[in-house]
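What follows draws every value from the coordinates through simple rules; no lab data is involved. Note that the coordinates shown come from a computational prediction; the quantities given were computed from them, not determined experimentally. Cβ coordinates were reconstructed from backbone atoms using ideal geometry, including for glycine residues, and neighbour counts include every protein chain displayed.
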Amino acid sequence: DKYKSGLEKTRESFSTKLNDLVARYRKVDEEFFEDLEEILISADVGVNTVMDLVEELEMEAKRQNIKDARDLKEVISEKLVEIYTGGEDTFKTQAPLNIQPDDLSVFLFVGVNGVGKTTSIGKLAYQLKQEGKKVVLVAGDTFRAGAIEQLSAWGERVGVDVIKHGEGSDPAAVIYDGIQAAKSRKADVLLCDTAGRLQNKVNLMNELSKVKRVIEREIPNAPHDVLLVLDATTGQNALSQAKTFSEATDVSGIVLTKLDGTAKGGIVLAIRKQLDIPVKFVGLGEKMTDLEAFDPNAFVYGLFA
Ligand code: GDP
């Protein structure tokens, strides 16, 4: 249901156009597939993915002898899910957080300013706290003015501790303190914010690797997830950010925010096609409760619902 309302814009645009197409053509022919191609491209599925998809649909239509466009809708859903999973088990169902059942779990959040990193940390803190876990946040974005206050405000709203230093201080030092605090307070989960300057890729890489080294030194096998936060409304930009960040650090999961604010939810498939990283969460609004574990089936069927 969250998917249904959160994907309203994509769904309206997508299924309205698709239903319209089916009503207009009825018969599955070449022009039908050309128009279908346009609809998928306008949802940001990605040109190459669309080409492949439509080619497969044409073959499937032939194979199953589908003549009526109405019968093709189910096949389209199936193919979209297939594209997302790519036949790999890791992508078939929800990709859960790499939670350590008996130890402190450390999750590092990366991404450029404005994508919804702080908000996603706040939302996740709320979810984990609801599950009965003790959560600590650490304000590792010491660069952006207001980032520390913003994270603190989320900490207060959710009711979890926030470890912070002053603006301009060393991010690795505050993360180190965060780890010590989480350990001494016997926390279950530590969520680490980081700075999101992309202007200088070398700086970004250095800062992220320094932060990672500190975490690894304190806790073997941590960070247990590095979550890259991407804004779904930015289309191709999100894809190039994903490329830059995965070159800078080992990203293990994507948090795709603001899916509620775009008609281009097909970006999920484009991201999946270009990166071998599962989408772990999607942001479907600004509220504390608007973060959902990503489920490829619920997502694709949500587009047609
Ligand atoms: P940061 O700079 O990456 O930490 O970004 P923020 O967390 O400050 O978020 C930037 C803006 O995006 C804020 O106004 C958030 O309320 C908004 N935002 C974050 N996630 C979502 C989402 O899933 N949906 C919508 N509609 N807005 C979001």
task: Sort out for me the Cα centre separation of the stretch 84-130 from the stretch 200-272, rounded to whole Å.
output: 11
query: Looking at the square roots a ≥ b ≥ c of the eigenvalues of the Cα gyration tensor of the stretch 193-241, which shape do they give, rounded for a/c under 1.5, prolate if a/b is larger than b/c, or oblate?
result: oblate
field: Cα pair distances in the stretch 7-89, grouped into 10 Å bins until the bin that holds the longest one, percent each
entry: 17, 55, 26, 2
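Arrange F299, F91 by Cβ neighbour counts within 10 Å, fewest through most, would you?
Working: F299 23, F91 20.
Ranked by crowding around the Cβ, least crowded first: F91, F299.
What are the semi-axes of the equivalent ellipsoid of the stretch 50-111, taken as the square roots of 5 times the eigenvalues of the Cα gyration tensor, listed largest first and rounded to whole Å?
On the way: eigenvalues 296, 28, 16 Å².
Result for the stretch 50-111: semi-axes of 38, 12, 9 Å.
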statement: Treating every alpha carbon of the stretch 88-236 as one equal point scatterer without solvent, the Debye formula yields log10 I(q)/I(0) values at q = 0.10, 0.11, 0.21, 0.22 Å⁻¹ of -0.32, -0.39, -1.44, -1.55
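Among L80, L191, what is the fewest-to-most ranking by other Cβ atoms within 10 Å? Working shown, then result.
Values: L80 24, L191 29.
Least to most surrounded, the residues fall as L80, L191.
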query: Taking amide hydrogens as modeled 1.01 Å from N in the peptide plane, which residues meet the under 5 Å criterion relative to G253, leaving out close sequence neighbours?
result: V226, L228
- line: Burial-style ranking of 143-149, 232-238, average other-beta-carbon count within 10 Å with highest first, yields 232-238, 143-149
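Find out how many positive minus negative residues lie around N113, taking Lys and Arg as positive, Asp and Glu as negative, among other residues whose Cβ is under 9 Å from that of N113. The partial results should precede the final answer.
Working: positive: K117, R144, R197; negative: D141.
Spelling it out: positives minus negatives among the neighbours equals +2.
With charges set only on the Cβ (+1 for Lys and Arg, -1 for Asp and Glu), what does the dipole of the chain come to about its Cα centre, in debye to the nearest 20?
820
State, to one decimal in nm², a quarter of the convex hull surface area for the C-alpha atoms of the stretch 174-271, i.e. the direction-averaged projected area. Write out the running numbers ahead of the final one.
Values: hull surface 28.5 nm².
For the stretch 174-271, averaging the hull's shadow over all directions gives 7.1 nm².
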task: May I ask you to derive the relative contact order of the chain, considering only C-alpha pairs under 8 Å and at least 6 residues apart, and to give it as an integer percent?
output: 28
message: To make sure I understand, if each residue's beta carbon is the centre and we count other beta carbons within 10 Å, what order do V110, V135 fall in, fewest to most?
response: V135, V110
- prompt: With the Cα gyration tensor of the chain giving a ≥ b ≥ c as the square roots of its eigenvalues, does the rule (a/c under 1.5 for rounded; else a/b larger than b/c for prolate; else oblate) give rounded, prolate or oblate?
  reply: prolate
